[in-house]
Amino acid sequence: MTEETIPRASLDAMIGRPMGPAEGSTAPDPVNLPMIRHWVAAFDDHNPVYLDEQAAAESRHGSVVAPPAMLQTWVMATPSLEGIRDRGGAPRASDDSPLKIFDDAGFGGSLAVNSELTFERYLRLGETLTSSSEVESISEQKQTRLGLGYFITWVSTYRVGDEVVGRQRFRMLKFRPEAAP
Amino acid sequence: MTTVGDRLPSAAYVMDTTRIVAGALASRDFMPVHHDKAYAIDHGSPDVFMNIMSTNGYCSRYLTDWAGPDAMLRSLSIRLGVPVYPGTTLRFEGEITAVDQQPGEQVVEVSFTASTEHGDHATGSASLSILADS
């Protein structure tokens, strides 16, 4: 057991706070065939219900549906490429990330650990997705093979109107890189 | 008939820079580490590497290539391991761990791994609904 570098009260205060914009995110475009076509080509995923109206009509889905793993893609912020390298790849300038408390305390390393997606139903063409994310838990400070760090878990809820259509729980390790031996 | 202990057909996806970049952009992820090799090397990586949305995309494809167009993916949980770099092959193996007969459908639990020459990239589980008469 190591002593916490960041006061527990500061970490506890983050639970329930939004990850990303407080007002959530709205997909810039409704679910649409051009984006699905790019996806299908990129992953060579030729499930016919994603593009073929007739095959989809004959399936349990009844009409074309979006690949379920596209959930997060629909609400990704349209990037400003100017300066994106200096922002470490963040699509937009923003300095209110809850993860800043870790960066400021020297835990600048980031490693994605878990993703847990659940799908209530598949999305149909024309539907506009919104999402909101909040911090669910923050671990004790732990010694990992990469260095000292904290595991942060947040949950994103995806909706069409008021209907929840999917969720994603995501866990990331924020760590203090150890000097090479 | 779907039975606990059955193995899914394995699959192997050969990864090159084009596939990794195509996946990143199709998922609207413009992080330079997923498309710019010089930037990736500057940031301690030997090459560009696959983004997580692409990992989920390939997992979803692997599962529904097996389960068919009448299946519905209900959940997809992965633990992430080594990154996927160009010049590797992402190999999927899966096994049915539970089958729950419901009216009109089976809910099938699958445990799977996706690994490259460097080790496990993603290990996880998924739940799919498969229509009873399909």
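The values are calculated or read from the model by the stated rules, or taken from the named source; none is laboratory data. Nothing here was measured: the structure is a model prediction, and the numbers come from that model. Here the Cβ positions follow ideal geometry from the backbone for every residue, glycine too, while neighbour counts run over all protein chains shown. Calculation scope for accessible area: heavy atoms of the full protein, side chains included, ligands and nucleic acids excluded. Shrake-Rupley method; radii C 1.70, N 1.55, O 1.52, S 1.80 Å.
Tell me which residues, restricted to the range B:10-33, are out of contact with any Phe, Trp or Tyr (no Cβ under 6 Å at 6 or more places or on another chain), farther than 21 Å from B:ALA126 by Cβ and facing chain A (nearest Cβ under 8 Å).
B:ARG19, B:ALA22, B:LEU25, B:ARG28, B:ASP29, B:PHE30, B:MET31, B:VAL33
Quick one: B:ARG7 ticks every box in (1) basic (Lys, Arg); (2) crowded, with 17+ Cβ neighbours inside 10 Å; (3) more than 13 Å from chain A (Cβ to nearest Cβ) except a single one, so which number is it?
Of everything listed in (1) basic (Lys, Arg); (2) crowded, with 17+ Cβ neighbours inside 10 Å; (3) more than 13 Å from chain A (Cβ to nearest Cβ), B:ARG7 misses just condition (2).
Would you confirm, using the coordinates I've provided, whether A:PRO7 is of a type outside the set (S, T, N, Q), more than 30 Å from B:ALA11 (Cα to Cα) and open to solvent by 50 Å² or more (accessible area, probe 1.4 Å)?
Yes.
When you go through (1) within 30 Å of A:VAL65 (Cβ to Cβ); (2) within 14 Å of chain B (Cβ to nearest Cβ); (3) part of a strand (DSSP E or B) one by one for A:LEU173, which number turns out not to apply?
(1)
Evaluate the range B:39-47: report whether one residue or more is of a type in the set (S, T, N, Q) and at the interface with another protein chain (Cβ under 8 Å from one of its Cβ atoms).
no
Counting only residues that are more than 7 Å from every other protein chain (Cβ to nearest Cβ) and open to solvent by 10 Å² or more (accessible area, probe 1.4 Å), which one in the range B:63-77 is farthest from A:LEU123 (Cα to Cα)?
B:TRP66
Scan the range A:101-116 and report the pairs whose first residue is within 14 Å of chain B (Cβ to nearest Cβ) and under 22 Å from B:ASN51 (Cα atoms) and whose second residue is polar (S, T, N, Q) and part of a helix (DSSP H, G or I), with Cβ atoms within less than 8 Å and a gap of 6+ or a chain change.
Close Cβ pairs satisfying both conditions: A:SER115/B:THR55; A:SER115/B:ASN56.
If you check B:SER60, B:SER54, which single one turns out to be touching a Pro at 6+ places or on another chain (Cβ under 9 Å), within 13 Å of another protein chain (Cβ to nearest Cβ) and small (Gly, Ala, Ser)?
B:SER60
Restricting to the range B:76-89, give me the number of residues that are part of a strand (DSSP E or B) and farther than 27 Å from A:THR153 by Cα.
Matching residues across the range B:76-89 total 1.
Can you name the residue in the range A:126-150 that is in a loop (DSSP other than H, G, I, E, B) and of a type in the set (A, V, I, L, M, F, W, C) and, of all such residues, is surrounded by the fewest Cβ atoms within 10 Å (Cβ to Cβ)?
Once the filter is applied, the top-ranked residue is A:LEU146.
Is it the case that A:SER110 is within 25 Å of B:SER127 (Cβ to Cβ), out of contact with any helix residue (DSSP H, G or I) (no Cβ under 6 Å at 6 or more places or on another chain), assigned to a strand (DSSP E or B) and among the hydroxyl-bearing types (Ser, Thr, Tyr)?
no
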